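Shown next, in structure tokens, is the structure this report addresses.
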Amino acid sequence: MNILVIGSGGREHSLTWKIAQSPLLDELYVAPGNGGMGDLATLVNLDADNHDDVITFCREKNINFVVIGPEAPLVGGLADRLVEENIKVFGPSAKAAALEGSKGFTKDLCAKYNIPTAAYGRFSEAEKAKKFAAANGAPIVIKADGLAAGKGVIIAESLDQANDAIDDILGGQFGSAGAELVVEEFLTGEEASFFVLTDGKNILPFGTAQDHKRVGEGDTGPNTGGMGAYSPAPVMDKNMISRTIDEIILPTVKGMAAEGRPFKGVLFAGLMITNKGPELIEYNVRFGDPECQCLMMRLESDIVPLLIACADGTLDQMNANWSDQVSLNVVMAAKGYPGGYEKNTEIKNLDAAGSAENIMIFHAGTKKSGDKILATGGRVLNITSLAATVTEAKRAAYAALDKINWPEGFCRRDIGWRAIEREKE
Ligand code: AMP
Ligand code: GLY
């Protein structure tokens, strides 16, 4: 079959790498892709917002299956349009993607179906939001309702900070994504990511991971899209996985179906493991980036039938085999990220760095220019390893990373620290 992947990040590079290994595959295309994907697939300059162009391309190339990586095209209804045109797609409808597209929608769903999550209020008027924050006290969390490229969440340490965040969001800092906001209780515990594939009815647990969201070592500094991850997450033991499925995932899948918004695709639950158990921080309607890169390193099964089963409603007939090993990945970003950074700097020695066994360098913000690889984005490379322990996976990933010659890049040096402390115990 012919497959088109939509996206350009490290997540999509790892998905493309995995899909390229499928015996079911004839031709593989990625739109728009990045500088690391050219050997795996044909890169196509398509704008995912332009649904007509995507459909025309699919007809021209006889595309049988489209895999949508990022959230924006999903919230924008690309999956709906493909389904209307009888093209199979991995990824939820716009109505189901509201789980990521509107934080208020998800909080209301949690309230209706008894899903454990932080206490909250939804507001479009600053005065009411501030009153609610004052009644709860700091620390308190203020969130723009809509998609804000991972920047719409403010953990306010004081009420002054909360009030400023409320004014900024409702004042238009995030455009229409901030026409409404959620104010919610601050949860304490350890964060974990849990993934399930679902066809709207059946679920297939699809791995756990832990991300490192802050830009600085020791989890300090501003939030980013993620500076590194490992899978599995030790905090997600059998009992915690089973509680998460029973208390959070199944009520969501059933609730979404009951609301006339059946969810098909990958459901990514951002969890806080509190002393009461798992609580939902947020849902994403796509794979995590960089978590996906670790999952793809560990997945032993052919991914294509699994993704197709989500579209076909046959996930109950599927199983996935996973490596017992641990995968860890370190993000290299352009100096300055998540603020401003220089573009089009050259990255050297990538081939040698990526040549070790059980190392994959997935690209994110790169492009190929002749023989050169140039950095074009904030998060640029994902150095990903597979090894017996987190300690060993960390050593292998940084050994590869240290061979890369890119003076304009940086990384955190402590990816995996929580799990490594556990391994020492
Ligand atoms: P998000 O952009 O929704 O992933 O949120 C970014 C980060 O903010 C999360 O990964 C958490 O670390 C933190 N966060 C969000 N909501 C809460 C909450 N209610 N309590 C504590 N931390 C939170
Ligand atoms: N790494 C977090 C995310 O993909 O949202």
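The values are calculated or read from the model by the stated rules, or taken from the named source; none is laboratory data. Since the structure is predicted, the reported quantities are computational estimates derived from the model, not experimental observations. All Cβ positions, glycine included, derive from the backbone under ideal geometry; neighbour counts span all protein chains shown. Accessible surface areas use protein heavy atoms only, side chains included; no ligands, DNA or RNA. Shrake-Rupley method; radii C 1.70, N 1.55, O 1.52, S 1.80 Å.
Between Ser22 and Asp164, the distance separating the two model label sites (each 7 Å from Cα on the Cα→Cβ line) works out to 4.8 nm.
Of interest is the spacing of the C-alpha centroids, which for the range 1-60 and the range 158-185 amounts to 37 Å. Checking the Cα-Cα distances for Lys88/Lys348; Lys213/Lys343; Lys112/Lys143; Lys18/Lys143; Lys107/Lys394 against a 28 Å cut-off, the pairs over it are Lys88/Lys348; Lys18/Lys143; Lys107/Lys394. Stretching the chain fully between Thr220 and Lys335 yields a gain of 39.8 nm (0.36 nm per residue, less the alpha carbon separation). Ordering 262-270, 129-137, 116-124 by mean Cβ neighbour count within 10 Å, with the highest value first, yields 262-270, 116-124, 129-137. Across the options Met332, Met360, Ala393, the greatest Cα extent toward the positive end of the charge dipole of the range 323-404 (unit charges at beta carbon of Lys, Arg, Asp, Glu) belongs to Met332. Rounded to the nearest Hz, the phi-derived 3J(HN,Hα) couplings of the range 274-284 under the Karplus curve 6.51 cos²θ - 1.76 cosθ + 1.60 (θ = phi - 60°) are 8, 6, 8, x, x, 10, 7, 7, 6, 9, 10, where x marks glycine and proline. The accessible area of Trp406, taken with all protein chains in place and a 1.4 Å probe, comes to roughly 10 Å². Of the peptides 335-341, 275-281, the ranking by mean beta-carbon count within 10 Å, highest at the top, reads 275-281, 335-341. In order along the range 244-259, the phi-based Karplus estimate (6.51 cos²θ - 1.76 cosθ + 1.60, θ = phi - 60°) of 3J(HN,Hα) comes to 4, 4, 6, 8, 10, 6, 4, x, 5, 4, 5, x, 5, 5, 5, 7 Hz; Gly and Pro are listed as x.
Distance between the modelled labels on Ile155 and Met318, one decimal in nanometres: 3.4 nm (7 Å Cα→Cβ projection).
Counting only protein heavy atoms and using a 1.4 Å probe, the accessible area of Met318 comes to about 50 Å². Shape class for the chain, computed from the alpha carbon gyration tensor (a ≥ b ≥ c): rounded, with a/c under 1.5.
Separation of the range 317-372 from the range 189-231 is 17 Å, based on Cα centroids.
In summary, the aspartates and glutamates within cross-link reach of Lys403, defined as a Cα separation below 13 angstrom excluding same-chain residues under 8 places away, comprise Asp351. Residue separation of Asp39 and Lys61 scaled by 0.36 nm, minus their Cα-Cα distance, works out to 6.0 nm of gained length. Note on the chain: dipole from Cβ charges, positive end direction compared against Asn284, Pro73, Ser158; the farthest Cα belongs to Ser158. The residues Ser176, Ser231, Ser158, sorted by heavy-atom accessible surface at 1.4 Å with ligands and nucleic acids left out, run Ser176, Ser158, Ser231 from largest to smallest. Rounded to the nearest 20 debye, the dipole size of the range 241-316 about its Cα centre is 160 debye, using +1 on the Cβ of Lys and Arg and -1 on the Cβ of Asp and Glu. Karplus-derived 3J(HN,Hα) values for the range 16-24, using 6.51 cos²θ - 1.76 cosθ + 1.60 with θ = phi - 60°, are 5, 4, 6, 5, 4, 7, 6, x, 7 Hz; glycine and proline are entered as x. Solvent-accessible area of the chain (1.4 angstrom probe, protein heavy atoms only): carbon and sulfur portion equals 46 percent.
Projecting the Cα positions of Asn136, Ala257, Tyr230 onto the charge dipole of the range 116-273 (unit charges on Cβ atoms of Lys, Arg, Asp and Glu, taken about the Cα centre) puts Ala257 furthest along the positive direction. Accessible surface for the chain, divided over its residues, is 41 Å² per residue with a 1.4 Å probe. Shape of the range 217-312 from its Cα gyration tensor (a ≥ b ≥ c, root eigenvalues): rounded if a/c is under 1.5, otherwise prolate when a/b > b/c, or oblate? It is oblate, given that a/c is not under 1.5 and a/b is not larger than b/c. Working from label points 7 Å from Cα in the Cα-to-Cβ sense, the Lys131 to Ala388 distance is 6.2 nm. Counting only Cβ charges, +1 for Lys and Arg and -1 for Asp and Glu, the dipole size of the chain around its Cα centre is about 200 debye. Summing Cβ point charges (Lys, Arg +1; Asp, Glu -1) relative to the Cα centre of the range 321-425 gives a dipole of roughly 340 debye.
Paramagnetic label reach from Lys238 (point 7 Å along Cα→Cβ; backbone nitrogen cut-off under 17 Å): within the range 309-332, residues 322, 324.
Extension gain Phe186-Ser301, at 0.36 nm per residue separation less the Cα-Cα distance, in nm?
Full-extension gain reported as 37.5 nm.
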